[in-house]
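The values are calculated or read from the model by the stated rules, or taken from the named source; none is laboratory data. Bear in mind the structure is a predicted one, so any value in this text is a computation, not a measurement. As a convention, Cβ positions derive from the backbone with ideal geometry for all residues, glycine included, and neighbour counts pool all protein chains shown. Ligands, DNA and RNA are excluded from the accessible area calculation, which covers all protein heavy atoms including side chains. Shrake-Rupley method; radii C 1.70, N 1.55, O 1.52, S 1.80 Å.
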Amino acid sequence: MTKPRITITYCTQCNWLLRSAWMLQELLQTFGDSLGEVALIPGTGGIFEIRVNEELIWERVRDGGFPGPKDLKQRVRDCIDPERDLGHLDRTSKQKQEG
């Protein structure tokens, strides 16, 4: 089975490289060997998109800004390994839903 490829397309005009690189680092730290590649793709015109194997999982305008680490990791997990436990990130979500 081929490991998933994640792409983060960011706007160079808006100086979103550092934000994108931080998200790349967070994904590699969390998912490590479960990923085949995480790529940064420079763009223009205010673009900010995150895709898992071409499936759009985050788009800045559609989703209201940038994802926080929790949203980012949960959306990636839901695409690549829905049964995976993300530890404290999942427990705080479940506690809010149950409470």
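Can you name the residue in segment 1-49 that is β-branched (Val, Ile, Thr) and in contact with a Ser or Thr (Cβ under 7 Å, 6 or more places away or on another chain) and, of all such residues, is nearest to Arg77 (Cα to Cα)? Give the steps one after another, and end with the answer.
Quick first cut of segment 1-49, residues β-branched (Val, Ile, Thr) only: 2, 6-9, 12, 30, 38, 41, 44, 47.
Still in the list and also in contact with a Ser or Thr (Cβ under 7 Å, 6 or more places away or on another chain): 8, 12, 41, 44, 47.
Values: Ile8: 16, Thr12: 27, Ile41: 21, Thr44: 28, Ile47: 23 Å.
So, considering only residues that are β-branched (Val, Ile, Thr) and in contact with a Ser or Thr (Cβ under 7 Å, 6 or more places away or on another chain), the one nearest to Arg77 (Cα to Cα) is Ile8.
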- Query: Only one of (1) part of a helix (DSSP H, G or I); (2) open to solvent by 70 Å² or more (accessible area, probe 1.4 Å); (3) over 12 Å from Ile8 (Cα atoms) fails for Glu83. Which number is that?
  - Reply: (1)
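Restricting attention to segment 50-66, which residues are in a helix (DSSP H, G or I) and buried (at least 16 other Cβ atoms within 10 Å of the Cβ)? Lay out the reasoning, then the answer.
Residues of segment 50-66 that are in a helix (DSSP H, G or I), as a first pass: 60-63.
Listed by number, the residues that qualify are Arg60, Asp63.
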- Could you please find all residues in segment 16-74 being within 27 Å of Thr2 (Cβ to Cβ), touching a strand residue (DSSP E or B) at 6+ places or on another chain (Cβ under 8 Å) and among the β-branched types (Val, Ile, Thr)? Val38, Ile41, Ile47, Ile50, Val52, Ile57
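Please work out if Thr30 is farther than 19 Å from Arg84 by Cα and either among the polar types (S, T, N, Q) or open to solvent by less than 50 Å² (accessible area, probe 1.4 Å) (or both).
Considered against the rule, which asks whether it is farther than 19 Å from Arg84 by Cα and either among the polar types (S, T, N, Q) or open to solvent by less than 50 Å² (accessible area, probe 1.4 Å) (or both), Thr30 comes out as no.
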- Query: Can you tell me which residues in segment 67-80 are among the charged types (D, E, K, R), surrounded by 15 or more Cβ atoms within 10 Å (Cβ to Cβ) and out of contact with any Ser or Thr (no Cβ under 9 Å at 6 or more places or on another chain)?
  - Reply: Arg75
- Query: Among the residues of segment 40-49, how many are in a loop (DSSP other than H, G, I, E, B) and either open to solvent by 60 Å² or more (accessible area, probe 1.4 Å) or closer than 15 Å to Leu27 by Cα (or both)?
  - Reply: 2
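Looking for whichever is touching a Lys or Arg at 6+ places or on another chain (Cβ under 7 Å), in contact (Cβ under 8 Å) with a residue 12 or more places away in the chain and among the hydroxyl-bearing types (Ser, Thr, Tyr) here; the options are Ser20, Ser34. Which one fits?
Working: Ser20 fails: touching a Lys or Arg at 6+ places or on another chain (Cβ under 7 Å).
It is Ser34.
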